[in-house]
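What follows is a single structure, written as structure tokens, with notes after it.
Just so it is clear, none of the values below were taken in a lab; they were calculated from the coordinates. This structure is a prediction, so every number in the text was calculated from the model and none was measured. All Cβ positions, glycine included, derive from the backbone under ideal geometry; neighbour counts span all protein chains shown.
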Protein chains: 2
Amino acid sequence: MKIVCSKNSLLKGLNTVSRAVPVRTTLDILKCILIKADPEGITLTANDTTLGIETRIPERVQETGTIAIDASLFTNIIRKLPEDDVYIETDADNGVSIKCQKASFAIAGRGTDDFIALPAVDSSSQITVSEFTVKEMINQVIFSIAESDLNAAMAGVYVEVLNNTLKMTTLDGHRISIRVSELKENYEDVSAIVPGKTFSDLSRIINGGLEDEMHLLFSKNHIIFEFGSTRMVSRLIEGQYFRIESMLRSEYETHVKVNKKDFLECLDRSTLFVNENDKKPVILTITDEEMNLKLRSGIGAMNENLFIEKEGQDIKIAFNPRLLMDALRVIEDEEIDIYLVKYNYPCTIKNEEETYTYVVLPVNFTED
Amino acid sequence: MKIVCSKNSLLKGLNTVSRAVPVRTTLDILKCILIKADPEGITLTANDTTLGIETRIPERVQETGTIAIDASLFTNIIRKLPEDDVYIETDADNGVSIKCQKASFAIAGRGTDDFIALPAVDSSSQITVSEFTVKEMINQVIFSIAESDLNAAMAGVYVEVLNNTLKMTTLDGHRISIRVSELKENYEDVSAIVPGKTFSDLSRIINGGLEDEMHLLFSKNHIIFEFGSTRMVSRLIEGQYFRIESMLRSEYETHVKVNKKDFLECLDRSTLFVNENDKKPVILTITDEEMNLKLRSGIGAMNENLFIEKEGQDIKIAFNPRLLMDALRVIEDEEIDIYLVKYNYPCTIKNEEETYTYVVLPVNFTED
């Protein structure tokens, strides 16, 4: 194999596919990136067996061939090269020579026989959506997944194409996060549980531009993302997702409007007194025009009032402040609407259009 | 005690004195900051017994008094407050109340009887120099100190006032770093070994402006830094500093001029192949107009040529590339001058005025 490509496009390609190189593995071939040079061009591939990524890079192939190279060493070499053309050549013993300007490097590659190819997937349905929407939706739900030995689905994002909307749902036993976005065309309904790591990786790789379109292809066991010159293939988490309808009420006793930044900063101050050994909740006392926040622990005590608009009943209810903060951090509205029922019922933060819905369970509390 | 001060000036003061709060200690009082309000104003003090820092903050004292408060908790509370006036009040049981806008906090302070006051120091001599110069000099020598159980002086910076220059020297057994800066006035000669940590802390606290003047006061066992409204008192490391004159030759066999950025990037690429278990050196082969860098290890091999200007003998010599890189990173010149004698003699990087001198020991090498 003999190829020439620019340092920057090679590095961009390596950074993209490296997301599918496992941090820890005992299988050496999984640590490698496959470089394939054929008459159509150069493809970089990595595959950790759950997630596989391949990307094409602009190239001049002088001699076709394939080689597997340790991803971390190869990426580090390319990163430290001057910004110029890089010449890569392999010999019969899988030796790899890398040249750039006056620098030359020799490293050992390996044969590609045991490299695990990306699965061939027959997709049954496909949607088109902007990278901006996908990136934003991921970032607004990904924080409430949980690694659970008891239920694999908790480590996933439930993706639904439903009535021409794209919907993402996550939950971790203490809260539910839901984002909905309208699709521009008509699509068949379909759903899948996508591993959280796949979505974290995707959100880091895509540009996220409003004009950048991407395709999501669904099959029985896989989801495929196609964008630019890159293709990501991820296994799905098997099984049924949770039935969450009973948690999502539409009738409430109390409706509060509050400035998001003020509420977030106030909750942040309450965390100063959260003792890791004895987690005290923040107690919210909601009366007309005022919400009082109070937290007392062995470390100290805080007490603060926020101006609010309120409809309905007064209420006293307690939360783990960090769970509320996680939701508030990803909401972009200046004012938020909070809906409450009783001290032992979940609270719901959502906008009128219900493009986002965050449900947080309260915790027990005792007054001093 | 009852005081009012702006959140920002209080936070700035806390960040300054917190440098003298030890990260780990079993003595609770050392984790505290002393707040003292007297008719002249408010002083914050911290003292880890090697380094003590006190700073004055703009204030309105309503009631004099003193209190010791856990530095980390207090700083975190103040950091999370809105930018407004902060009201602090203590009660007879050392309870501390902190109020800002509608937020109020209650934490436990402690009595100040066991707080270790800064030592009273009679300084014998004093110099004035810009914060810019001190900050720059520290950053250009601090990297070559070493924690050594055998020789405490290696963990220090040797500071000399010598013929109306300020000189800082560090060494770690593999290299020596020296920076010299002219002083504007005439001063008596004096020298001291200052703990490296004191200088790291100082360089982070001072603004480093060209117009910001600071004073260095020397006594037998202490050095004092006075700048703005802050005073740092540090113990000195006892004993004699090393005699390094024999390492500083003025006659050389080879003189090389090379572009600093190119040399640094080339050395950086050689570190890709440094195996932590079997540290191979980078081998420099210096001939007319060319320096070849070569490193071969179990990971792979690199080979690169740099354009140089050379006077004197050809030479082949080997180094730990990271030691050369540390020096090159802090030199601001575009071109550097390297002076060599023989393959087993230290190399010297210095400018004509000798405001900086970096001496690096070579290592043994075998050609493949």
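Place a +1 charge on the Cβ of each Lys and Arg in chain A and a -1 charge on the Cβ of each Asp and Glu, then give the dipole magnitude about the Cα centre in debye, rounded to the nearest 20.
Value, rounded to 20: 1160 debye.
I need to check one value: relative contact order of chain B, counting alpha carbon pairs closer than 8 Å and at least 6 residues apart, in percent.
On the way: 824 pairs, mean separation 47.2, N = 368.
Reported as a whole number, the value is 13 percent.
Using only the Cα atoms, what convex hull volume per residue in Å³ does the stretch B:251-315 have? Spell out each step's value before the answer.
On the way: hull volume 5.7 nm³, N = 65.
Cα convex hull per residue, to the nearest whole number: 88 Å³.
Taking 0.36 nm per residue of sequence separation and subtracting the Cα-Cα distance, how much length would be gained by fully extending the chain between residue A:120 and residue A:212, in nm to one decimal?
Details: separation 92, 0.36 × 92 = 33.12 nm, distance 2.54 nm.
Net length gain for the segment: 30.6 nm.
Among the trypsin sites (Lys or Arg not before Pro) in the stretch A:259-289, which ones are in a DSSP loop with at most 13 other Cβ atoms within 10 Å of the Cβ? Mind listing them?
On the way: sites: A:260, A:261, A:269, A:279; in loops: A:279.
Hits after loop and neighbour filter: A:279.
Of the cross-linked pairs B:36/B:220; A:80/B:310; A:36/A:102; A:80/B:197; A:280/B:12; B:167/B:197, which ones have a Cα-Cα span greater than 21 Å in the structure shown?
Details: B:36/B:220 28 Å; A:80/B:310 27 Å; A:36/A:102 26 Å; A:80/B:197 32 Å; A:280/B:12 30 Å; B:167/B:197 18 Å.
Over 21 Å Cα-Cα: B:36/B:220; A:80/B:310; A:36/A:102; A:80/B:197; A:280/B:12.
At 222 nm, what value in deg cm²/dmol follows for the protein assembly as shown if DSSP H runs of at least 4 each add -39500 (n - 2.57) and the sum is divided by all its residues, to the nearest 500? Intermediate results must be reported in sequence, preceding the final value.
Numbers: 12 runs with 124 residues, N = 736.
One gets -5000 deg cm²/dmol as the mean residue ellipticity at 222 nm.
How large is the charge dipole for the stretch A:2-129, taken about the Cα centre, if only the Cβ atoms of Lys, Arg (+1) and Asp, Glu (-1) carry charge, to the nearest 20 debye? Don't skip to the end; give the middle numbers.
On the way: 14 positive and 17 negative charges, 114 e Å.
Computed charge dipole of the stretch A:2-129: roughly 540 debye.
Would you be so kind as to identify which of A:163, A:148, A:187 lies farthest towards the positive end of the dipole of the stretch A:121-188, taking Lys and Arg as +1 and Asp and Glu as -1 on Cβ and the Cα centre as origin?
Ranked along the dipole, the leading option is A:163.
Identify the trypsin sites (Lys or Arg not before Pro) of the stretch A:18-118 meeting these criteria: DSSP loop state and at most 13 other C-beta atoms within 10 Å of the C-beta.
Those satisfying the criteria are A:24.
For the stretch B:22-85, what is the convex hull volume of its Cα atoms per residue in Å³? Don't jump to the answer; show the numbers that get you there.
Numbers: hull volume 6.3 nm³, N = 64.
Looking at the stretch B:22-85, the number lands at 99 Å³ per residue.
Could I get the Rg over Rh figure for the protein assembly as shown? Both from C-alpha atoms, Rh via Kirkwood, rounded to two places.
Details: Rg = 32.2 Å, Rh = 31.1 Å.
Value, to two decimals: 1.04.
At residue B:12, with labels set 7 Å past Cα in the Cβ direction, how many nm apart are the copies from this one, shortest first?
4.4
Once the convex hull of the alpha carbons of the stretch B:2-108 is built, what does its volume come to per residue, in cubic angstrom? Could the numbers behind the result be given before it?
On the way: hull volume 10.0 nm³, N = 107.
In the stretch B:2-108, the Cα convex hull volume per residue is 93 Å³.
Determine the dipole magnitude for the stretch A:249-360: charges of +1 sit on the beta-carbon of Lys and Arg, -1 on that of Asp and Glu, nothing else is charged, the reference point is the Cα centre, and the result goes in debye to the nearest 20. Don't jump to the answer; show the numbers that get you there.
On the way: 15 positive and 23 negative charges, 150 e Å.
Value, rounded to 20: 720 debye.
First obtain the Kirkwood hydrodynamic radius of chain A from its Cα pairs, then insert it into the Stokes-Einstein equation at 20 °C and 1.002 mPa s, and state the resulting D in µm² per second as a whole number. Write out the running numbers ahead of the final one.
Working: Rh = 23.4 Å.
Taking Rh from Cα pairs, D becomes 92 µm²/s.
With equal scatterers on the alpha carbons only and no solvent term, can you work out the Debye log10 of I(q)/I(0) for the stretch A:226-368 at 0.12, 0.13, 0.15, 0.21 1/Å?
-0.55, -0.62, -0.78, -1.35
If the label point is 7 Å along Cα→Cβ of residue B:353, which residues in the stretch B:244-267 have backbone nitrogen under 15 Å from it?
none
Using 7 Å Cα-to-Cβ label points, what is the residue A:337/residue A:261 separation (nm, one decimal)?
Reported label-point gap for residue A:337 and residue A:261 is 2.3 nm.
Which number do you get for Rg(Cα) / (2.2 N^0.38 Å) in the stretch A:51-157?
For the stretch A:51-157, the normalised Cα radius of gyration is 1.54.
Give me the Debye-computed log₁₀ of I(q)/I(0) at q = 0.12 Å⁻¹ for the stretch A:125-235, equal point scatterers on Cα only, no solvent, two decimals.
Result of the Debye calculation: -0.37.
Could you work out the local net charge near residue A:102, counting Lys and Arg as +1, Asp and Glu as -1, over the other residues with Cβ closer than 10 Å to its Cβ? Provide the component values of the computation, followed by the final result.
Working: positive: A:99; negative: B:262, B:290, B:304.
Summing Lys and Arg as +1 and Asp and Glu as -1 gives -2.
If you average the alpha carbon positions of the stretch B:234-307 and of the stretch B:26-101, how far apart do those two centres end up, in angstrom?
49
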